[in-house]
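Let me begin by presenting the structure, written as structure tokens, before commenting on it.
We did not get these values from a lab; they are worked out from the coordinates using the rules stated. Because the structure is a prediction, the values reported are computed rather than measured. Please note: Cβ atoms are built from the backbone with ideal geometry, for glycine as well, and neighbour counts cover all protein chains shown.
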Amino acid sequence: MTKEVSGTDGGEWYGFFTDLKDDLSQAVNELMPADGKAPGEAVKPEDVKEQAEVENSKGQPGMNDTTESSDIQKPDTGNYYRPEPDMSEKKMSDEVAVITAGMTVNGNISSEGSMDLIGTVIGNISVLGKLNVTGCIQGDAKASEIYAENAKITGEINSQGSVKIGNSTVIIGNIFATSAVIAGAVKGDIDVHGPVLLDSSAIIMGNIRSKSVQINNGAVIEGMCSQCYSDINPANFFEEFNKGKR
């Protein structure tokens, strides 16, 4: 049998059951886990994978968002300065190359170590270490230090350090160094930023530019000597002197 509910009492009962239904639905939702699984229900692998993808798409804290978005600005790494290694600077080796007597080399020679030249080289020589010459060179010579004794050199001599020209050595070419001791014969200009010492057996045919010059008795020079690298400028000295007289 069905009882019809009408009038004011029926409306009140209807509202009461509607509110009760809503309260029960809310309580059930609060008891359910976040993944929508009922307690005790087995979790499937595909559900775990799907849940992880959802969490990553939401950008949870501590998770890397692999999705690209136009709102996220990526760091500009194109303007960063990346210094390249300087390959032009080479380290000096401890090895010593030897050009023995009776050996003749035709061509340029380059070495990262030092060299003892007793034979003959027809070409340019460039070594990072010391160059000891007791033979003959027909070409330019460049090294950190150069020592020539009883040698014959036709070409420029360029040393990053000192140059020592021993007795019985003949050089036809310019000399560039930071210091020089000359006891042989040089036909060419001498440009040294430091001191120059001319021994009693020295014969110079060319101009000398240096910081200081020491000429021993017996040395012969045909050319000009200029101490242009000195700390004192003679022109400025006399200019100031003339101003003081006025």
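Listed values, structure above:
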quantity	calculated
The stretch 170-187 residues that are on the phi > 0 side of the Ramachandran plot, paired with ones that are charged (D, E, K, R) (beta carbon under 8 Å, 6 or more apart)	Gly173/Asp140; Gly173/Glu156; Gly173/Lys187
Residue satisfying all of: in the stretch 119-173; under 37 Å from the mean Cα position of the chain (by Cα) and charged (D, E, K, R); nearest to Glu95 (Cα to Cα) among these	Lys130
Among (1) part of a loop (DSSP other than H, G, I, E, B); (2) closer than 15 Å to Thr169 by Cβ - the single one Val186 does not satisfy	(1)
Which numbered condition Ile153 fails, given (1) surrounded by 18 or more Cβ atoms within 10 Å (Cβ to Cβ); (2) assigned to a loop (DSSP other than H, G, I, E, B); (3) not acidic (Asp, Glu)	(2)
Some residue of the stretch 154-169 being closer than 19 Å to Ser226 by Cβ and out of contact with any Gly (no Cβ under 7 Å at 6 or more places or on another chain)	yes
Answer residue from the stretch 156-178, given it is in a strand (DSSP E or B) and either in contact with a Pro (Cβ under 9 Å, 6 or more places away or on another chain) or among the hydroxyl-bearing types (Ser, Thr, Tyr) (or both) and is surrounded by the most Cβ atoms within 10 Å (Cβ to Cβ) among those	Ser159
Positions within the stretch 190-246 being among the aliphatic types (A, V, I, L, M), under 27 Å from Gly155 (Cβ atoms) and part of a loop (DSSP other than H, G, I, E, B), in sequence order	Ala202, Ala219, Met224
